[in-house]
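A short reminder: the numbers here are calculations on the coordinates, not readings from a lab. What you are looking at is a predicted structure, and each value in this text was computed from that prediction instead of being measured. Cβ: placed from backbone, ideal geometry, glycine included. Neighbour counts: every protein chain shown.
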Amino acid sequence: MSLHEGVECQDQVFIGPSVVFTNVLRPRSFIKTPSSAFVPTLLKTGCSIGANATIICGVSIGAYAFVAAGSVVTKSVPDFGMVKGNPARFVRFVDKALKPLNFVNNRAQDSFDGSVYILEDQVVRLLES
């Protein structure tokens, strides 16, 4: 695995073996790529990326999100989102222990630490911890 210029990795991120990150959208070997052409990628706190996944530049992987092994991520992954496939598709929201977040009246509790989450407009946010 190589972290190229433009990949920002926050705390407690897991990156599995042979994960590939890109940093230029249209690479050409015969053209010198200026650093201004590098497109940033953000790996937020606690996210996990499975083995052999490919992350296309310009996306963010949300806090505590999970990217399944072998996935090709072409779009940003929301906080607590689980994605898989090629191209990666949203599967469900998961808690910190990767168990499904089961929302009742738009609220769910984390099986790992008891945190309470709210789901509004397909966005998960922390209410209390």
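Sequentially through segment 66-73, phi angles give Karplus couplings (6.51, -1.76, 1.60; θ = phi - 60°) of 9, 10, 5, 3, x, 6, 10, 8 Hz, Gly and Pro residues having no value and appearing as x. For F66, nonlocal amide neighbours, meaning residues 5 or more places apart or on other chains whose placed amide H falls under 5 Å from its own, are S48, G81, M82, V83. The alpha-carbon of K99 sits under 27 angstrom from the alpha-carbons of these lysines, leaving out residues fewer than 8 places away in its chain: K44, K75, K84.
Within the set (1) 55, 25, 24; (2) 68, 35, 18; (3) 61, 38, 25, the number that Cα extents along the principal axes in Å takes when calculated for this structure is listed as (1). The 3J(HN,Hα) values that the Karplus relation (6.51, -1.76, 1.60; θ = phi - 60°) gives for segment 32-37 are, in residue order, 5, 8, x, 4, 5, 7 Hz. Gly and Pro appear as x. Name the most mobile residue of L98, L43, L25, meaning the one with the largest mean-square fluctuation, in a Gaussian network model of the chain with Cα contacts below 10 Å. Residue with maximal mean-square fluctuation among L98, L43, L25: L25.
Within the shell defined by Cβ-Cβ distances under 10 Å, the residues around S71 carry a net charge of +2, with Lys and Arg each +1 and Asp and Glu each -1. Percent antiparallel among DSSP beta bridges with both residues in the chain, to the nearest 5? Once the DSSP bridges in the chain are tallied, antiparallel ones form about 45 percent. Electrostatic tally near M82: other residues with Cβ closer than 11 Å to its Cβ, Lys and Arg +1, Asp and Glu -1, net +3. Each of I49, I31 was scored by other Cβ atoms within 10 Å of its Cβ. Listed from fewest to most, they are I31, I49.
Once backbone amide H atoms are built at 1.01 Å from N, F21 has S2, I55 as its partners under 5 Å, excluding neighbours fewer than 5 places away on the same chain. Considering only G85, S48, V59, and ranking their Cα positions along the charge dipole of the chain that arises from unit charges at the beta-carbon of Lys, Arg, Asp and Glu, the one farthest toward the positive end is G85.
Here the Karplus curve 6.51 cos²θ - 1.76 cosθ + 1.60, taken at θ = phi - 60°, turns the phi angles of segment 84-98 into couplings of 7, x, 9, x, 5, 10, 5, 9, 5, 8, 10, 8, 4, 8, 6 Hz, with x standing for Gly and Pro. A protection proxy built from the mean count of other Cβ atoms within 10 Å ranks the segments 63-69, 87-93, most packed first, as 63-69, 87-93. Near the amide H of L101, within less than 5 Å, lie the amide hydrogens of F93, V94, D95, all on another chain or at least 5 residues away, with H placed in the peptide plane.
The charge dipole of the chain, taken about its Cα centre with unit charges on the Cβ of Lys, Arg, Asp and Glu (plus for the first two, minus for the last two), comes to roughly 580 debye.
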